[in-house]
Amino acid sequence: MIIDTHAQLFTKELIDLYTRGEIPGMDALGYGFFFAKGAPEDTISDMDAARVEKSVVVAVDAETVSGYRIPNDLVAQAVEKYPGRLIGLGSVDPHKGILAVREVERLARELKLSGLKFIPHLLELNPDDRLFYPIYEAAQELGLPVLFHTGTHYHLGKKLKYCLPLPLDEVAVDFPNLKIILAHFGFPWFAEALAICQRNQNVYFNIAGWAPRYIPEMVIQYINGPLSRKALFRSDHPLLSRKRILDELKELPIKEESRSRLLEENARGLFNL
């Protein structure tokens, strides 16, 4: 079995919200480009072409600062439409205070979503900002992993300083039972990201958004070595097709045992599959 631990989702309902001007942040962030390829049925088709059994799809809530939101309910509807194939991660905006904490509880208990996704530069918050802490407390209590964008991004007008991996070390220490995923292995600060994963039992990383042929050699060495149980396969579809990623992964010097952990075993443990 192959498990993709993060893909984007653009449903018809989301596109309708966008075309009615109800998600103004999308234009500035350039997400409209992906609409043609990010519907749930496109995700399933891409999964089938690559023989990927399951895929995580994510919500995003950065409404207060950036006007951007992929609603939790839309993700839950997609998961319900394709039972056994899609795993949903919700999202909340820390600027919303107690409402965000209540939404964490709702998305876990009512919507049956399996974790949380945050994009710090759209929130204009570092991950160790205390606005996050009540959310982390709720996620830790509910057993929800949290996924963070780390490393460079291409959203014009948004600052890179919010995407450094190091603040997540403080979060990992303060919340030792909270499972944390560093997306995109924190490039170009990947040595820092790998160190955070190595020293904290509750921190993982994924290879999202990268054609495998361009993944730095040091990252491959850690996938084969001390972080073989911490590395996660993730496509970031529709940015890249899963088939392309898997074909290129076959060409890399990854040990068979490490490959099995990357593609399936680590995700099973993380999401209790």
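Every number here is computed from the coordinates shown, using simple stated rules; none is lab data. Everything quoted here is computed from the prediction, not taken from an experiment. Please note: Cβ atoms are built from the backbone with ideal geometry, for glycine as well, and neighbour counts cover all protein chains shown.
For the stretch 3-271, the residue among Val52, Leu107, Ala78 whose Cα projects farthest onto the positive side of the dipole built from Cβ charges is Val52.
Residues whose amide H falls under 5 Å from that of Tyr204, counting only those 5 or more places apart or on a different chain, are Ile180, Ile181, Leu182, with hydrogens built in the peptide plane.
Our summary gives the chain a relative contact order of 18 percent, counting only alpha carbon pairs under 8 angstrom and 6 or more residues apart. For the chain, the Kirkwood estimate of the hydrodynamic radius, built from every pair of different alpha carbons, is 18.4 Å. Net charge dipole, the stretch 96-234: roughly 420 debye, given to the nearest 20, about the Cα centre with Cβ charges of +1 for Lys and Arg and -1 for Asp and Glu.
For the listed residue pairs Lys117/Lys158; Lys161/Lys250; Lys159/Lys255; Lys158/Lys230; Lys117/Lys243; Lys54/Lys96, the alpha carbons are over 26 angstrom apart in Lys161/Lys250; Lys159/Lys255; Lys158/Lys230; Lys54/Lys96. Say a site is exposed when it is one of the trypsin sites (Lys or Arg not before Pro), sits in a DSSP loop, and has at most 10 other Cβ atoms within 10 Å; what is then the longest site-free stretch of the chain? By the stated rule (loop sites, at most 10 other Cβ atoms within 10 Å), 131-273. 3J(HN,Hα) along the stretch 70-85, derived from phi through the Karplus expression 6.51 cos²θ - 1.76 cosθ + 1.60 where θ = phi - 60°, amounts to 9, x, 4, 5, 5, 5, 4, 5, 5, 4, 5, 5, 10, x, x, 10 Hz, with x in place of Gly and Pro.
Each Lys and Arg contributes +1 and each Asp and Glu -1, all at the Cβ; summed about the Cα centre of the stretch 3-271, the dipole is approximately 420 debye.
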